[in-house]
Amino acid sequence: MLRKGITGSFGAAIHGLNTPQLTDGVINRSKRMMLDTLGVGLIGTRTAVFNKALTYSQLFRSDERSSVWGKSEITLPSHYAAFVNGIAVHSMDFDDTWHPATHPSGAVLPALLALAETLPRPPSGLDLLLAFNVGIEVQGRLMRFSREAYNIPERFHPPSVVGVMGSAAACAKLLGLSPEQCGHALAIAASSAGAPLANAATQTKPLHIGNACRRGLEAAQLAGMGLEGNPAILDMNCGFGVYYKDYSPSAMAVPASADFRWILEDQDVAFKRIPAHLGMHWVVDAALAARAKLENTVGDFDLSQIRQVTLRVPPSKYVNCPFPATEHQARHSFQFNASSALLDNKVTVSSFSGAQINRPALKELLSKVEVETPKDNPPSFDKMYCEVAIETEQGQTHAARCNTFYGHWRKPLSQEDLVEKFSVNASSVLCTEGVEGVIDVIGDIDRVRECAILNSYLRMTSSRDEQFYSTGSL
């Protein structure tokens, strides 16, 4: 089916949106998103998947070089800097999540910062903020073309689809492309979209964000050089519509009209307190509450006295992993995260290490876990809940339910806790001056003359010992 004018409306909006249209609410929310993304990206540079991608990317050379976060002496061709920094952001599944489901910021910010370092006229902080929000907005609009997108994904990882489009839109904005070129950037990016969900819970999943950054940047630059794609890519079921069974696109409002309103104004993101799939936050909070009830009744948590643990969670095959063997599987396992919370009374960055995953006590508790998927528990980050029920050998049951975890868009992290999360994550890599510098620059990003100063702070590394961020600090 061919509709008319949808792709054109997106191209016109990407080109036409301007800084006066950024509202206070959108500016404040996007500053929080940027800060969190940089923090999880910095701690992500300590992961094996990041370092493998970095080693690979160092094989390539270019006259244009961009910074690698947390590396004072390393630069890469801009596309590969976007690639590895994007991988770092998602390497621990610690980055923000939106509704409908995607990880919006990680697909955009690394691409923009890599691009900004190569431009002849250094962009201002406000230029960066506008382009970032254009990339977020395009993702939000595209996800609303399908009701299927509102649920926990089943077939593909959303950042690999809407993320690369958002990256292309953001970079097109920063490059100052024409409306027609912006539309072509989306068309070019669409041919790099898509990644099967089968690669979730593997080292390949973070590449979905890295590729979205890299390919979106490439799409915008190619469009700027005159390369063309299908100018109706969003209008067609055989265009962007191939990703959704119920594709129903609509035009993007003219930016200057009264009908335009940023999606971020009405739909905030969720910020994670633990480095795991978003669904794990419900089950961890429920498990901690159930353990507290047990301790109030019988005293200490005694594994030998636990007969069974029942988890009531939404149906989702890729986060149902009874006995995870790797950190990536553990980040996608209701069973693992509930058991870790019950056993340790917390879940931290170090909970996903090999030593923690392979503990005999944890494996014993995992063997006692049963999963139920009640019909009233839909696979939606906006509607789901998790219940944890602990049955003791004495026949007592201690249960708790989490409907909304702290950090969800309905119960957002305080600014103090968001900054604390960033500080602990970033200080595992940066010196104090670097950490404080990033906080200050992001806080004033709409008044910063050149956004390149941000990259200088992101390279101020420290040799201090690793510090771990814990749910216990919130």
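Every read-out reported here was derived from the displayed coordinates using simple, explicitly stated rules and does not represent laboratory data. Predicted model only: the values in this text are computed from it and were never measured. Don't worry about glycine lacking a Cβ; one is built from the backbone with ideal geometry, like all the others, and counts go over all protein chains shown.
Charged side chains reduced to their Cβ positions (Lys and Arg at +1, Asp and Glu at -1) give the chain a dipole of some 760 debye around its Cα centre. Counting only GluC sites (Glu not before Pro) that DSSP places in a loop and that have at most 16 other Cβ atoms within 10 Å, the longest clean stretch of the chain runs over 229-392.
With r defined as the distance between the Cβ atoms of L227 and D259 and R0 fixed at 41 Å, what FRET efficiency is calculated, to the nearest 0.05? About 0.80, to the nearest 0.05. Charges were assigned to the Cβ only: +1 to each Lys and Arg, -1 to each Asp and Glu. The resulting dipole of the range 263-367 about its Cα centre is roughly 320 debye.
Between the Cα long axis of helix 334-344 and the first principal axis of the chain there is an angle of about 60°, rounded to the nearest 10. Candidates V242, I188, M280 compared by Cα position along the dipole of the range 188-281: farthest toward the positive end lies M280, with charges placed on Cβ. Give me the angle, in degrees from 0 to 90, between the Cα long axis of helix 6-16 and the longest principal axis of the Cα atoms of the chain, rounded to the nearest 10. Rounded to the nearest ten degrees, it is 80. Backbone amide hydrogens, once placed in the peptide plane, bring E370 within less than 5 Å of V309, T310, L311, excluding anything fewer than 5 places away on its chain. Restricting the calculation to Cα atoms, the range 247-286 shows an Rg/Rh of 1.23 when the hydrodynamic-style radius is the Kirkwood one. Positive end of the dipole of the range 330-459 (Cβ unit charges, origin at the Cα centre): among Y457, V424, Q356, the Cα lying farthest that way belongs to Q356. Residue separation of D444 and S250 scaled by 0.36 nm, minus their Cα-Cα distance, works out to 66.3 nm of gained length. In straight-distance terms, cross-link reach from K31 covers every one of the lysines whose alpha-carbon lies under 28 Å from its own, apart from those fewer than eight places away in the same chain; here that gives K71, K173, K205, K272, K383, K411, K421. Farthest towards the positive end of the charge dipole of the chain, among the residues Q394, A170, S333, is the Cα of S333, using unit charges on the Cβ of Lys, Arg, Asp and Glu. Proximity of backbone amide H atoms, modeled 1.01 Å from N, is registered between L430 and S462 at under 5 Å, excluding neighbours fewer than 5 places apart on the same chain. For helix 48-57, report the angle its Cα long axis makes with the longest principal axis of the Cα atoms of the chain; keep it between 0 and 90° and round to the nearest 10°. Around 20 degrees separate the two axes. In the chain, helical runs assigned H by DSSP with n ≥ 4 each contribute -39500 (n - 2.57); averaged across all residues and rounded to the nearest 500, the mean residue ellipticity at 222 nm is -13500 deg cm²/dmol.
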